[in-house]
Amino acid sequence: MKRKIIQILGMALMIAATLVVVAILGVVLFDLTAKGAPVLSWEFLTQSPKKGMTEGGIFPAIFGTTAVTLLSTMLATPLGIGCAIFLHEYAPDNAFTRLIRASIRNLAGVPSIVYGLFGVAIFVQFLGMGASLLAAGCTLGLLTLPSIITTTEEALRNVPRLTREGALALGATKWETIRTVVLPSALPGILTGVILALSRGAGETAPILFTGVAFYSRYLPGSVFDEFMALPYHLYILSTQHHAIEEVRPLAYATALTLILLVFMLNLTAFWARARWQRSLGAGK
Amino acid sequence: MEKIKIDIQELDLFFDKKQVLKNVSLHIPAGKITAIIGPSGCGKSTLLRSLNRMHDLNPQARLSGKIMLDELNILHGNTNVVHLRRRIGMVFQKPNPFPKSIAENVSYGLKINGLHDKKKLAEAVENSLRAAALWDEVKDDLDKSALDLSGGQQQRLCIARAVAVEPEVILMDEPCSALDPISTAKVEELMLELKKKYTLVIVTHNMQQAQRVSDFTAFMYLGELIEVGETRQIFQKPQHDLTKNYVEGHFG
Ligand SMILES: Nc1ncnc2c1ncn2[C@@H]1O[C@H](COP(=O)(O)OP(=O)(O)OP(=O)(O)O)[C@@H](O)[C@H]1O
Ligand SMILES: [Mg+2]
């Protein structure tokens, strides 16, 4: 009897906790939607800002954020997966590799502004990329790298030893085993990690702040060496730096809403890709 | 005298400092089923995995002695492990299909060995699935995921996968321990069928199974090979007290 009461009590507490979290999220989303949705229109999504950003749309920022995120993913994903494969499958387990692993975990916790400064020093100045889409993409890529490596390693670890041995026993080499059996088995996990990293990257301001984002640019970047506008930075400007903050507040809300929708769509893609992949593997059995 | 397929000579195996196989010598006759029995932890799997060099993966494992597959010195450093494993296939204790379709599972070994002719692959898939007595159950589902099959079907798929590369020897480590009685009966029937073409070595904890399917039985105890002989002799007139106690079920 007592155990039952405790169980019910525990249940109630957990439900309450869940409700609180959902409620906070709900309020934020509701507030954003209520204030941003009226401004959101086809023109808003497809036009450039006009009249000192008091009118017009945010298309260059949407484009810039998409471009810089894609670029960073293209750079960080192969590097991160390669690094994780090496660490997990090939590197010996000794003090040195454990140190590397610990460092990677710690890197994931480094504040993003630090990445921004590092990006300026290395990509913008030392490698001479200037403040550009490329430099910002590299910096963002660096920021997402640790979490891609960590989640990929985790996904590789979850591939059963028996599955690997099955391939080896048929005469597959180590690399063939990794390529044809281990990576496909780990792919849903890897994919989820990559997209979560990517959607975190999409919302970052600090790493792109000094490395390539533009305050205002009427044109889209013509190459990876141009500056670009980005949603998080645009939002920051509209809400704190603008000369008519009150006036552009609705625009700020609509920008925030767009950013959230973009990230939401990315996560949905991850979800969908994962579900699809798992179905083709025989649904989680 | 039988033709010897695998000749194990004075095999010692250490995991780090722990000796797991002690001076094991054993002849595996060609075209027969040899069963390895013995209490848990006595080294049956370890012995089996020495035959296709699965211990290569384990940096702690050290082997000495000699294992000959016909004229091939298995443990020699120059032996091509990939070729060796093509000649000696393995079926594991738990079914371990790849997360791929049924057809891809069966053709896997052939593909990594460089066969890409679609027609030949399809033929091999059908023949192997027939050999594993699985064809009739899956012939309409070849493109479905192997993970959707039942445990017994998965194990027969793994047998088909091993058969597909046409090895000379098939090692099976407790292949029925995760299966129900009906699936077990099917796999046992299959072993007797496979014996016509392949040399089989099976590890089993099931005394009835050893008696039903094997021609020869080897009894191991604490890393040593205690006794080996024709199955009937081992079960009815064991020479050693240890063997007698074990097959009569006094410990295990
Ligand atoms: N990779 C390993 N590293 C260290 N010791 C090991 C390793 N694999 C097996 N052993 C040890 O070697 C001994 C023999 O193990 P093995 O798996 O060969 O036994 P087995 O006869 O197959 O037992 P079971 O019937 O339970 O499968 C055991 O004492 C085990 O703890
Ligand atoms: Mg075993």
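Key figures
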read-out	value
Any hit, segment B:142-152, residues being within 30 Å of B:Leu69 (Cβ to Cβ), open to solvent by less than 20 Å² (accessible area, probe 1.4 Å) and in contact with a strand residue (DSSP E or B) (Cβ under 8 Å, 6 or more places away or on another chain)	yes
Candidate set: segment B:78-89, residues that are of a type in the set (S, T, N, Q) and farther than 18 Å from B:Leu48 by Cβ; chosen: the one nearest to the other protein chains (Cβ to nearest Cβ)	B:Asn80
Residues located in segment B:90-101, provided they are at the interface with chain A (Cβ under 7 Å from one of its Cβ atoms) and in contact (Cβ under 8 Å) with a residue 60 or more places away in the chain	B:Met90, B:Phe92, B:Lys94, B:Asn96
Total residues in segment A:56-93, condition surrounded by 14 or more Cβ atoms within 10 Å (Cβ to Cβ) and of a type in the set (D, E, K, R)	1
Test: B:Arg130 is open to solvent by 40 Å² or more (accessible area, probe 1.4 Å), within 14 Å of another protein chain (Cβ to nearest Cβ) and more than 16 Å from ligand 1 (Cβ to nearest atom)	no
Residue within segment B:152-172 that is within 16 Å of ligand 1 (Cβ to nearest atom) and within 14 Å of chain A (Cβ to nearest Cβ) present	yes
Test: residue in segment B:96-114 that is within 16 Å of ligand 1 (Cβ to nearest atom) and in contact with a Gly (Cβ under 7 Å, 6 or more places away or on another chain)	yes
Scan of segment A:213-248 for residues that are in a helix (DSSP H, G or I) and buried (at least 16 other Cβ atoms within 10 Å of the Cβ), ordered by number	A:Leu231, A:Pro232, A:Tyr233, A:His234, A:Leu235, A:Tyr236, A:Ile237, A:Leu238, A:Ser239, A:Val248
Residue identified as within 16 Å of ligand 2 (Cβ to nearest atom), open to solvent by less than 70 Å² (accessible area, probe 1.4 Å) and in contact (Cβ under 8 Å) with a residue 40 or more places away in the chain among B:Leu171, B:Leu194	B:Leu171
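Table: residues versus (1) touching a residue at least 60 places away in the same chain (Cβ under 8 Å); (2) touching a Ser or Thr at 6+ places or on another chain (Cβ under 9 Å); (3) in a helix (DSSP H, G or I).
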position	(1), (2), (3)
A:Ala61	yes, yes, yes
A:Thr66	yes, no, yes
A:Ser72	yes, yes, yes
A:Pro78	no, no, yes
A:His88	yes, yes, yes
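For (1) in contact (Cβ under 8 Å) with a residue 40 or more places away in the chain; (2) within 11 Å of ligand 1 (Cβ to nearest atom); (3) farther than 22 Å from A:Arg164 by Cα, each residue gets a yes or a no:
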{"residue": "B:Asn23", "(1), (2), (3)": "yes, no, yes"}
{"residue": "B:Ile28", "(1), (2), (3)": "yes, no, yes"}
{"residue": "B:Lys32", "(1), (2), (3)": "yes, no, yes"}
{"residue": "B:Gly38", "(1), (2), (3)": "yes, yes, yes"}
{"residue": "B:Lys44", "(1), (2), (3)": "yes, yes, no"}
{"residue": "B:Leu51", "(1), (2), (3)": "yes, no, no"}
{"residue": "B:His55", "(1), (2), (3)": "yes, yes, no"}
{"residue": "B:Asn58", "(1), (2), (3)": "yes, yes, no"}
{"residue": "B:Ile67", "(1), (2), (3)": "yes, no, yes"}
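The values are calculated or read from the model by the stated rules, or taken from the named source; none is laboratory data. Everything quoted here is computed from the prediction, not taken from an experiment. Cβ sites come from the backbone with ideal geometry, for glycine too, and all protein chains shown count toward neighbours. Side chains included, ligands, DNA and RNA excluded: accessible areas come from the protein's heavy atoms. Shrake-Rupley method; radii C 1.70, N 1.55, O 1.52, S 1.80 Å.
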